Amino acid sequence: MVLGELVVYCLFNFRWVFVVLFLLPLTIMYDIITSVQRLLGSFSTKEKSESHFEKTKFVQDQVKQWKKSGQKMPMCTGRPGWKAMTLREPQYKKTMYNIHIDMDEIIEINIDKMVVKVEPLVTMGQLTSKLKPLNLTLPLVVELDDLTVGGLIMGTGIESSSHAVGLFQHNCISYELVLADGSLVTCSKKEDPDLFYSIPWSYGTLGFLTAVELKIVPAKRYVELTYEPFYSLEEGVQLFEAHSKDTVNNQFVEGIMFSQTEGVIMTGKMVDTTTCYVNVISRWYKSWFYEHVRSFVSKGKTTEAIPLRDYYHRHTKSLFWELKDIVPFGNNLLFRWLQI
């Protein structure tokens, strides 16, 4: 009992040792390997559509094999928990029939139709990296780099532009799925609308997502972001509600509470040119974004320009504000430098 309590105490109070000495180096190695694989994949002579067809057929074959096996246990994706953006270990996968879905490519960008077709494990970071050089973006980009398209559809994708464009699924044009009988179907508002509207928030219970068509819109270079502090909960609610209703001037609206009475409301819009100070918040020496926002509680209302992709992924470095609980000294200048 004493030993167990000691282990729990050490894991809770000194988990930064595990994160800094083990998890961070492994993450860097994994990112390097993934980047190299994607780079090598870009030199492939195989068409993206052909590659996608083969991967989809592989999913179908696995489902059909499950049917032949007698369907004795439920199916689930074979994606391990350490690859997902969750602190929960998915124990249920050990007692289910795992379907492996290795689908993380951008299949097509159709500028004429303003549509991008992607596989479900494509991340927000991948999409913004690919679309930004084309001066394109999604109507809604969820903050963290590693969040996947499939997860945001099957779960809940919400962002600071949701007051104007809805949730992530509201910007989806069609879904391609492998159903429980192994068949491949495509659904949209016009083609099988019942299935189309049932997919979001279904958490994979209706089929295995294999492709999604998403709307794309023109992008601009910066987001002019205005920080407006408030000093009571009532004032914060009123500001947030008023700014959220103004969808003409405010493409982005976000609020952070730093206490029961103090916080900051942020409103932003995309621009190509700006006379404001340009703050490149992705640079290693820049503090975590929420700490930067906290400074405006005392500074007062201020406007600055942030490069568009920096704004989209503003909470990635600090996992919103969660990293402080894992690595208490994570926002230290020296630690940020060592992360380069």
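Test of understanding: given the chain, find the longest segment containing no GluC sites (Glu not before Pro) that are in a DSSP loop and have at most 14 other Cβ atoms within 10 Å.
Value returned for the longest uninterrupted segment is 48-190.
Summing Lys, Arg as +1 and Asp, Glu as -1, what charge do residues with Cβ under 15 Å from the Cβ of W16 carry, W16 excluded?
Around W16, the surrounding residues sum to +1.
What are the aspartates and glutamates whose alpha-carbon lies under 16 Å from the alpha-carbon of K72, with same-chain residues fewer than 8 places away excluded?
Within the straight-line limit of under 16 Å, K72 reaches these aspartates and glutamates: D181.
For volume of the Cα convex hull per residue in Å³, pick the label among (1) 183; (2) 154; (3) 144 that corresponds to the value derived from the coordinates.
(1)
First select every other residue whose beta carbon is under 9 angstrom from the beta carbon of S282; then total the charges, Lys and Arg +1, Asp and Glu -1. Before the final figure, lay out each step's value.
Details: positive: R283, K286, R309, R314, K317; negative: D310.
Here the count lands on +4.
Considering only protein heavy atoms, what per residue accessible area in square angstrom results for the stretch 196-340 with a 1.4 angstrom probe?
Value for the stretch 196-340: 52 Å² per residue.
Please report, ordered by residue number, every helix of the chain (full DSSP H runs) that is 24 Å or longer along its axis going by C-alpha atoms and whose mean Kyte-Doolittle hydropathy reaches 1.0.
none
Can you tell which of V293, P200, L147 lies farthest toward the positive end of the dipole of the chain, using +1 and -1 charges on the Cβ of basic and acidic side chains (Lys, Arg; Asp, Glu)?
L147
Of T128, T273, T210, which is the most mobile in a GNM of the chain whose springs link Cα atoms less than 10 angstrom apart?
T273
Rounded to the nearest 5, what % of DSSP beta bridges with both residues in the stretch 59-151 are antiparallel?
DSSP beta bridges in the stretch 59-151 are roughly 60 percent antiparallel.
Suppose we take every Cα in the stretch 222-340 and form the convex hull; what volume per residue is that in Å³?
105
Which longest uninterrupted range of the chain lacks any trypsin sites (Lys or Arg not before Pro) assigned by DSSP to a loop state (not H, G, I, E or B) and surrounded by at most 11 other Cβ atoms within 10 Å?
Free of exposed loop sites, the longest segment is 89-188.
For a quick check, take a GNM of the chain with Cα springs below 10 Å and name the residue from M266, M103, M29 with the largest mean-square fluctuation.
M29
For the stretch 241-339, what is the charge dipole size about the Cα centre, in debye to the nearest 20, if Lys and Arg each add +1 at the Cβ and Asp and Glu each add -1 at the Cβ?
Dipole size: approximately 280 debye.
How big is the Kirkwood radius of the stretch 13-129, worked out from every pair of different alpha carbons and given in Å to one decimal?
17.2
Using the Cα centre as the reference, give the magnitude of the dipole from point charges on the C-beta atoms of the stretch 74-210 (Lys, Arg: +1; Asp, Glu: -1; all else neutral), rounded to the nearest 20 debye.
Working: 11 positive and 16 negative charges, 42 e Å.
Rounded to the nearest 20 debye, it is 200 debye.
Counting only protein heavy atoms and a 1.4 Å probe, tell me what percentage of the stretch 231-340's accessible area is made up of carbon and sulfur.
Answer for the stretch 231-340 is 57 percent, counting heavy atoms of protein chains only.
Which one, F329, F252, F230, has the greatest fluctuation when you compute a Gaussian network model over the chain with C-alpha springs under 10 angstrom?
Answer for the Gaussian network model of the chain: F329.
How much area per residue is accessible in the stretch 45-160 when the probe is 1.4 Å and only protein heavy atoms are counted (Å²)?
That works out to 54 Å² for each residue.
The values are calculated or read from the model by the stated rules, or taken from the named source; none is laboratory data. Please read these numbers as outputs of a predicted model, since none were measured by experiment. Ideal geometry is used to build each Cβ from the backbone, glycine not excepted, and the neighbour counts take in all protein chains shown. Note: areas computed on protein heavy atoms with side chains; ligands, DNA, RNA excluded. Shrake-Rupley method; radii C 1.70, N 1.55, O 1.52, S 1.80 Å.
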